[in-house]
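Just below is one structure, and these are the notes that go with it.
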Amino acid sequence: MSRYDDPDGSLYRPDDNSGPVSWDQVGQPGPGRSGRSRRPAPRKRRSLVSMALGGLAIVLALSLVSGAVYAYVRYREVWDGIRRVDVAGDLTGARPHEDPNALNLLVIGSDSRAGKNGKIGGHVNIGGQRSDTVMVLHIAPGGHQVTVLNIPRDSVVPILSCTAEPGFTGQQAQPGQVEQINSTFAYGGPGCLWKTIEHTTHIRLNDFIEMTFTGFEHVIDDLGGVEVCLPYAVNVPQANLKLKAGMHHVWGYVALAFWRAREGLGLGSDLQRIERDQFLLASVMQGIEKSGLLHNYGKILKIVTDLSSHHFITTDTGLTPNVMLRIAEGLRGLTPKSVRFIEVPTVAATVNPTAWVQWTPQDQGLFSAIANDRRLPRTHKSKSKKTGTNGSASASLTDSQARVEVMNGSGVQGIAATAATTLTGDGFNVTGNKNAPGNNFSYTGSVIKYGSPAGLAVAKQIASLMTDVTLQQDGSIGGKRIDVILGSTFSKFKAAPTSQSTMNNLTNQYGGVSASVNICHDKAAFAS
């Protein structure tokens with residue numbers, strides 16, 4: 001198999017006919033139909049620009065949405081320089097529910113080599129474009145908090161039917177077969193990627209922002225450079241990168257070389273490069289706060305003008321000035337402590353473990369928490385309290401220790417399964433859902449039964465998310481078990497606010513970082 005070295009240290013295999021494969025091959029249910037003939041999508045490429053441009057979701061969300069309306073009023077040419085795509089053709093039929101208060105932005109970093117982008121990428125002429133960076137930027141309502149989900153570009157996803165868009169041919173559905181998520185964009189465009197993410201994560205997306213290749217250098221230079229911290233000296237000739245260990249203030253060209261280098265850093269893996277991406281974004285956020293960018297409309301306008309005049313930005317037609325104002329309102333007062341970067345957990349894909357990855361079962365709890373803007377999955381430490389006259393300690397069960405059974409006591413079809421999914425997204429250990437004992441569907445109010453006093457705290461947490469509910473201790477069900485029996489007055493759980501502490505716990509659980517992290521604590525991102 002021929003291999004071509006790319007200056008970023010990644011490998012492009014033009015003769016690697018990596019077509020779609022069946023869900024059966026990745027351990028998923030499906031009919032396992034034979035593959036189809038498709039042009040290959042480079043699997044090992046994750047350029048600095050495509051990653052950082054997608055990563056510059058934060059910069060774009062902060063600068064574009066905070067300043068683009070101002071720019072629109074003063075300079076119409078800035079607004080006209082932003083390319084727009086109508087993705088409505090892919091967003092038909094059933095979609096995930098929409099939270100009217102939260103906002104979810106799909107951020108795409110494209111590796112298109114069109115125009116000036118063709119100067120980047122080494123000796124191989126790569127046609128088309130792929131979404132080498134895929135992020136979901138979730139803006140929580142009220143709390144001015146942002147969670148950035150970084151979806152690995154080598155993730156396998158089902159092949160869905162997508163309409164053609166300008167520059168993209170579209171694709172036919174292939175039930176039971178999978179492709180890399182960046183191939184979804186390569187064939188179907190942003191609308192197809194949008195549709196695929198909604199279908200697989202059940203997160204309702206509001207808008208998308210795409211940035212092209214070469215804008216990275218411009219933005220970093222416009223921001224006045226960025227700090228990077230190296231645990232050891234690096235010398236990557238392919239990327240023309242040579243830096244000593246320690247802190248460096250770098251400008252666009254060097255930042256580009258740093259983010260493009262992969263094989264010369266750590267394990268040379270795409271997933272590890274995402275870790276370094278998180279620290280770069282944290283550094284960008286810290287620089288924005290230090291510089292007071294959000295209060296400097298002149299500087300914001302300079303960034304937006306640079307991006308739009310070079311046509312580095314593409315959005316959906318629904319991202320109007322009014323929507324931008326709404327996003328800006330959600331980001332008002334944002335600080336690095338309020339931003340979390342989380343990589344979607346993955347394992348090696350069964351079908352192609354050296355190149356592709358697939359999501360893990362715990363991801364659905366993470367996706368559900370984002371989709372419902374509820375308390376995010378978290379880990380707990382047991383709290384104890386003294387009971388009785390002898391002063392003996394009795395530990396309360398944590399959310400993860402208690403075994404929650406959700407039961408349908410109303411007869412409404414599917415209500416228990418839906419409620420179980422929501423509670424799982426809230427971080428509770430839901431072990432199953434079924435009908436109430438004896439298929440008793442005569443419950444009006446809901447009932448929560450807990451097996452021992454140790455389960456009372458968790459039972460109260462669940463009850464706080466409901467109305468018309470009664471708590472009952474029932475030792476016959478077992479000490480760690482909690483039965484949630486849904487009555488006919490139940491329709492859905494109340495939204496619980498996302499707190500700073502739960503954001504911290506989420507970050508710890510999924511190995512993410514806060515934007516306020518010490519950027520020199522990045523040794524794991526370089527470990528080999």
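Listed by first and then second residue, the pairs with beta-carbon distance under 9 Å, at least 6 apart or on different chains, first residue in segment 143-160 and modelled with pLDDT of 90 or more and of a type in the set (Phe, Trp, Tyr), second crowded, with 24+ Cβ neighbours inside 10 Å and not in a strand (DSSP E or B), form an empty list.
Among the residues of segment 237-258, is any in contact with a Lys or Arg (Cβ under 8 Å, 6 or more places away or on another chain) and of a type outside the set (A, V, I, L, M)? No, there is no match, as no residue in segment 237-258 is in contact with a Lys or Arg (Cβ under 8 Å, 6 or more places away or on another chain) and of a type outside the set (A, V, I, L, M). Taking the listed residues LEU397, LEU376, LEU366, the one that is buried (at least 22 other Cβ atoms within 10 Å of the Cβ) and at pLDDT below 60 is LEU376, with no other qualifying. Looking across segment 144-179, the residues that are closer than 26 Å to GLN272 by Cα and in a loop (DSSP other than H, G, I, E, B) come down to PRO152, ARG153, ASP154. Of all the numbered requirements in (1) within 27 Å of the chain's Cα centre (by Cα); (2) modelled with pLDDT of 90 or more, GLY409 misses one, and that requirement is (1). Just so you know, in segment 154-173 the residues that are farther than 14 Å from TRP359 by Cβ and buried (at least 23 other Cβ atoms within 10 Å of the Cβ) include one that is nearest to the chain's Cα centre (by Cα), and it is ILE159. Taking the listed residues LYS434, LYS492, the one that is at pLDDT 85 or above, assigned to a strand (DSSP E or B), more than 30 Å from ALA233 (Cβ to Cβ) and among the basic types (Lys, Arg) is LYS434, with no other qualifying.
Only a single criterion out of (1) touching a Phe, Trp or Tyr at 6+ places or on another chain (Cβ under 8 Å); (2) of a type in the set (Ser, Thr, Tyr); (3) farther than 21 Å from PHE367 by Cβ is not satisfied by THR444, namely (1). Of all residues being out of contact with any Asp or Glu (no Cβ under 8 Å at 6 or more places or on another chain) and hydroxyl-bearing (Ser, Thr, Tyr) in segment 495-528, which is modelled with the highest pLDDT? Just the residue, please. Looking at the filtered set, the residue picked out is SER516. Of everything in segment 454-471 that is buried (at least 16 other Cβ atoms within 10 Å of the Cβ) and not aliphatic (A, V, I, L, M), the residue that is modelled with the lowest pLDDT is GLN461.
Going by the structure shown, is ARG340 among the charged types (D, E, K, R) and modelled with pLDDT of 80 or more?
Values: among the charged types (D, E, K, R): yes; modelled with pLDDT of 80 or more: yes.
Answer is yes for this residue.
Contact map, segment 455-476: residues that are on the phi > 0 side of the Ramachandran plot paired with residues that are at pLDDT 90 or above, Cβ distance under 9 Å, separation 6+ or inter-chain. Pairs shown: ASP468/THR444; ASP468/GLY445; ASP468/SER446; ASP468/GLY487; ASP468/THR489; ASP468/PHE490.
The values are calculated or read from the model by the stated rules, or taken from the named source; none is laboratory data. Please read all numbers here as calculations on a predicted model, not as lab measurements. Every residue, glycine as well, gets a Cβ built from its backbone with ideal geometry; the counts of neighbours run over all protein chains shown.
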